[in-house]
Amino acid sequence: MAINRQKKEELVARYKELIANSSALVFTNYQGITVAQGRSLRNKLKETNATYAVVKNTLLALALKESDRVAPEALLKGANAVVFCGEDIAKSVTALKGWIKDNKAVEITGALLENSVLDAKDAEALSDLPTKEQTRAMLLGVISAPARQLVQMIHAPGSSLARVLNAYVEKQQEAA
């Protein structure tokens, strides 16, 4: 079905907006997916602040170029749908992989991370990245570790002295 120029411009503008708000794009082959499955996948990904959209390859390539991103020619072939991942890439890709495992209807063909093109295996590995919350917790642990060690060092002499005095008192009580 041919679409007119105005509709194409609207699609390119929509793709550019989605690209601007995405930290990664995960490409999938959606061939064989039912409408109900597509709706189910969109709802699952919406929970992770990601958007799942069936794309027109030539218009997506144009939007990527206009957004100063690499247009991965190898991934822009066939029946493509793209997961536009929000801030938390790992959470979005994990949700996608979970849905694929349950429904066996879509396959990941690759990804675009900033200007790096990833193959299917590397795209799936994005789910192994720590989530935003995990990264914050690790960072907080690293930041607070020196302070925690300082507090332990300050308290160590006092607690050692207290143990020595306690042992002396116990020794005196046993002798008495």
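Values quoted throughout were computed directly from the atomic coordinates according to the rules given, and no laboratory measurement underlies them. Remember, it's a predicted structure, so these values are computed and weren't measured experimentally. Positions of Cβ are backbone-derived with ideal geometry, glycine not excepted, and every protein chain shown enters the neighbour counts.
For the stretch 37-151, the relative contact order works out to 25 percent when only alpha carbon pairs closer than 8 Å and six or more residues apart are counted. For VAL54, the shell of other residues with beta-carbons less than 14 Å away shows a net charge of +4, using +1 for Lys and Arg and -1 for Asp and Glu. Note down the net charge around GLY98, summing +1 for each Lys or Arg and -1 for each Asp or Glu among other residues with Cβ under 13 Å from its Cβ. Residues close to GLY98 contribute a combined charge of +2. Taking the longest Cα principal axis of the chain as reference, the axis of helix 57-66 is set at about 60 degrees. Of the cross-linked pairs LYS46/LYS104; LYS7/LYS97; LYS16/LYS101, those separated by over 26 Å at the C-alpha level are LYS7/LYS97; LYS16/LYS101.
Taking the centroid of alpha carbons for each part, the stretch 81-102 and the stretch 7-55 are 11 Å apart.
When peptides 96-105, 16-25, 140-149 are sorted by average Cβ neighbour count within 10 Å, with the highest value leading, the order is 16-25, 96-105, 140-149.
Kindly identify the chain as rounded, prolate or oblate by the Cα gyration tensor criterion: order the square roots of the eigenvalues as a ≥ b ≥ c, call it rounded if a/c is under 1.5, otherwise compare a/b with b/c, prolate if a/b is larger, else oblate. Prolate is the answer for the chain, as a/c is 1.5 or above and a/b outweighs b/c.
For a straight C-alpha distance cut-off of 16 angstrom, the aspartates and glutamates reachable from LYS77 (same-chain residues fewer than eight places away being disregarded) are GLU107, ASP119.
How would the stretch 1-44 be classified by its alpha-carbon gyration tensor: rounded, prolate or oblate, with rounded meaning a/c under 1.5 and the a/b versus b/c comparison settling the rest? Oblate, because a/c is 1.5 or more while a/b does not exceed b/c. The Cβ shell under 13 Å around GLY38 holds other residues with a net charge of +4, Lys and Arg each +1, Asp and Glu each -1. Each label was represented as a point 7 Å from its Cα along the Cα-to-Cβ direction; for ALA137 and ASN115 these points are 3.5 nm apart.
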